[in-house]
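Data first, discussion second: the structure below is written as structure tokens.
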Amino acid sequence: MSSRIEILNDGGFRSDGRKQYELRDITIDLSQQGTADGSATITHGLTQVLVTVFGPREAKMRSQTLHDRAVLNVEMSVAPFSTGERRKRSRADRRILELAAMIASTFEPVVQTTLYPRSQIDIYVHVLQQDGSLLPACINATTLALITAGVPLHDFVCAVTGGVHSTSPLLDLTTLEENDLPHMTVAVMPRTRKVTLVTMETRLHVDRFRELFELACEAGQTIHKEMKAAVKERTVTLVGAMDAGSKPGVVDDRDRDVVMGESI
Amino acid sequence: MAAVSLSKSERAYIQSSLKAHPPLRADGRGLLDFRTVLLETGVAPLANGSARLNIGKMAREGGGGTEVVAAVKLEVEDVETGDGVDGGRVVCSVTCSPAAYSHLSSNALDELQHDLSVILQQTIAHPTLHPTLHPKNLTIIPRKKAWLLNLDAVVLADAGNVVDALFMAARAALWDAKVPRTRAVQYRAPETLKSPRNDAPGAMDVDEGTSGFDTRDMARTAADFELPDYWDEGEVLDGRDKWPICVTLNLLPSVHLLDATLAEEASIPLRLHLMFSFAPSAPPILQSMRLLGPAELELKDLKDSIAVGERYAKELFTALESKLREEDNRRNIKARDRFALMR
């Protein structure tokens, strides 16, 4: 089971030089992509995911709509060059469908779908590079893309993976660590302190679960700070652009729904 | 490529303004002006070469435009088992994001992907039609092992002129590609084993003669290869100056325009894709051409179009070439200098 590379050395450092609870560098880009209503590119270390959101809009297939709420349609594509070994996955690949279904079920309780009956929200996820923690990156990018698209959400959704090396928990695993350790992904709603996703594909001792789960929830709060800062920065830019556009002398009486400041 | 729906009057409006004197385009460009082209190489760390290209990104908003990511990945193929071809092979594929063509159904998207893949594959990687383009350093061990070069392009957003963008991104990724150095290896039993000498007890076991991993002069008999640990990622792909670029002439009788936006593409009856290769110190080669659209073209006009197309392609080629050299410089020489400073 053990690999030649030390997962956690005696000094308490991991193979990429991080400490046990240290997260990788997160970069967020919220600039517009093509004709999408909202888009976000998130980079967690070497994992890079681009998500674009269209909608709420009329569904292409009327039969798939629901009369009382909007439908979330998640489509995922993985670039063939994103992994170490080249592999072209079709859109009907099992693994991809499963990830897409997980993303959809994570966001169903978070998006206020009842506001848009008989419509569809399309979420397109592009995986450009992957080095572990793929699902959390997809979920975090989807949250940000939905926010930039102006889709009403109950809260942010912040996800992170955690694993256990013998008895010591680690956060934000790379591919190398994911291959060797039991790990799970947790998605939390930081403000309401609810959890929308817990998924685990490996065996984990039940005694370790509690500690790891609490740690992942705490890490979710940290990621939330990063995401909030990015959203705030973009909103400030937009407000600045609105002010620059208004003519002097004209009373600006538009009601602004950007008092996001401290309330979130 | 994918027609956006455009009303008859919109089409007539765009056509008449293009034919006006002076011609007018919605974004204020001249007929032969390109939008801003942005290029970055080395965007995918796990690939052997990669590039991201954007045509027409808005400077202020930081969005919009046609965006293509292309990456080259090399795989080892066994020639003897019939998977590979002696001398290596090149396979191209294009994936279109559903976000770029949100009005298309998934079947239509598959067709579009296939169309673009075929254009790319037939122009740059056809084994019999374009033998001159085939890189010579894809052989690992003659008649045994060869590299399979996968060129994958992803269209992330389409704001018109996707074929030109695709070819530029492909050229940049191929330019950036590095082929890992290999060394042929053969195992040969040491001579000493065949004639065991009974030396005095306690004599040191001296390594004589040839090593079991002698790697000289055995390209013909080599069984396998190894990857020597070396400071760089390998040598550049052979013939990287020759990869073609595409220029698309949008023909509206009496005028033609370059780098059309989606609305212009939808209102123009005829499109001519010309793929030129400009090898250094050789005349330009027209690698392939495609005429698309419902209208027709006289033979004389076609000849004129190819002649002017070559001129535009040359300009595009020169600009791309200088940008690629600049990127090379940024990523290799400057990075090395920075590293030297840090030490």
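Here, each number is a calculation from the coordinates, and none is a lab measurement. Values in this document were obtained by computation on a predicted structure and should not be read as measured data. Positions of Cβ are backbone-derived with ideal geometry, glycine not excepted, and every protein chain shown enters the neighbour counts.
With springs only between Cα atoms under 10 Å, which of A:165, A:67, A:126 fluctuates most in a Gaussian network model of chain A? Of A:165, A:67, A:126, the most mobile in the Gaussian network model is A:67. For q = 0.12 Å⁻¹, what log10 I(q)/I(0) does region A:64-204 give under the Debye formula with an equal point scatterer on each alpha carbon and no solvent? With no solvent term, the Cα-only Debye profile gives -0.52.
Highest mean packing first, where packing is the average number of other Cβ atoms within 10 Å per residue, the peptides B:28-35, B:180-187, A:136-143 line up as A:136-143, B:180-187, B:28-35. Projected onto planes of every orientation and averaged, the convex hull of the alpha-carbon atoms in the protein assembly as shown covers 38.9 nm². Among the GluC sites (Glu not before Pro) within region B:40-110, which fall in a DSSP loop and have no more than 14 other Cβ atoms within 10 Å of their own Cβ? Loop-located and lightly packed - B:61, B:80. Inter-chain Cβ neighbour count for A:211-220, averaged per residue, equals 0 (cutoff 10 Å, partner chain atoms only).
A simple spin-label model places the labels of residue A:94 and residue B:75 2.0 nm from each other, with each point 7 Å out along Cα-to-Cβ. Among the residues of B:94-105, the average count of other protein chain beta-carbon atoms within 10 Å of the residue beta-carbon is 6.
Model label sites at residue A:242 and residue A:4, defined 7 Å from Cα along the beta-carbon direction, differ in position by 5.9 nm.
Helical content of the protein assembly as shown, expressed as a calculated mean residue ellipticity at 222 nm, amounts to -9000 deg cm²/dmol (DSSP H runs of 4 or more residues, -39,500 (n - 2.57) each, divided by residue number, nearest 500). Per-residue Cβ neighbour counts within 10 Å put B:117, A:105 in the sequence A:105, B:117, beginning with the fewest. Dividing the Cα radius of gyration of chain B by its Kirkwood radius returns 1.12 for Rg/Rh.
Suppose R0 equals 45 Å; then what is the FRET efficiency for residue B:314 and residue B:340 from their Cβ-Cβ distance, rounded to the nearest 0.05? That pair, residue B:314 with residue B:340, gives E of 0.75.
Using Cα pairs under 8 angstrom and six or more residues apart, how large is the relative contact order of chain A, in percent?
Values: 491 pairs, mean separation 48.4, N = 264.
So the answer I get is 18 percent.
Between residue A:211 and residue A:166, the FRET efficiency estimated from the beta carbon spacing at R0 = 22 angstrom works out to 0.95. Counting other Cβ atoms within 10 Å as a rough exposure proxy, the listed residues B:167, B:317, A:209 run A:209, B:317, B:167 from fewest neighbours to most.
Comparing B:301, B:328, B:158 in a Gaussian network model of chain B, where Cα atoms under 10 Å apart are tied by springs, the biggest mean-square fluctuation is seen for B:301.
Averaged across A:34-43, how many Cβ atoms of other chains sit within 10 Å of each residue's Cβ atom?
Details: counts 15, 12, 5, 1, 0, 4, 0, 1, 0, 0.
Mean inter-chain Cβ contacts per residue within 10 Å come to 4.
How long are the semi-axes of the equivalent ellipsoid of region B:102-146, taking √(5λ) for every eigenvalue λ of the Cα gyration tensor, in whole Å from largest down? Kindly include the intermediate steps, with their values, before the conclusion.
Numbers: eigenvalues 214, 33, 10 Å².
Semi-axes from the Cα gyration tensor: 33, 13, 7 Å.
Computed on region A:191-233, the Cα convex hull volume stands at 84 Å³ per residue. Listed by chain and number, the lysines placed with their C-alpha closer than 28 angstrom to that of residue B:323 are B:57, B:73, B:136, B:178, B:242, B:314, B:334; residues fewer than eight positions away on the same chain are left out. Net charge dipole, the protein assembly as shown: roughly 880 debye, given to the nearest 20, about the Cα centre with Cβ charges of +1 for Lys and Arg and -1 for Asp and Glu.
Could you please report the charge total around residue A:145, scoring K, R as +1 and D, E as -1 over all other residues with beta-carbon less than 14 angstrom from its beta-carbon?
Values: positive: A:234; negative: A:29, A:37, A:75, A:122.
Charge balance in the 14 Å sphere: -3.
Rg then Dmax, both in Å and based on the Cα atoms of region A:59-106: 14.0, 45. Dimensions of chain A from C-alpha coordinates, computed as largest minus smallest value along each principal axis and given longest first, are 68, 44, 34 Å.
First check a/c for region A:39-123, with a ≥ b ≥ c the square roots of the eigenvalues of its C-alpha gyration tensor; if it is under 1.5, answer rounded, and if not, answer prolate when a/b is larger than b/c or oblate otherwise. In terms of gyration-tensor shape, prolate.
Add +1 for every Lys or Arg and -1 for every Asp or Glu among the other residues with Cβ under 9 Å from the Cβ of residue B:48, and state the total. Write out the running numbers ahead of the final one.
Details: positive: B:73, B:178; negative: B:176, B:233.
Summing Lys/Arg as +1 and Asp/Glu as -1 gives 0.
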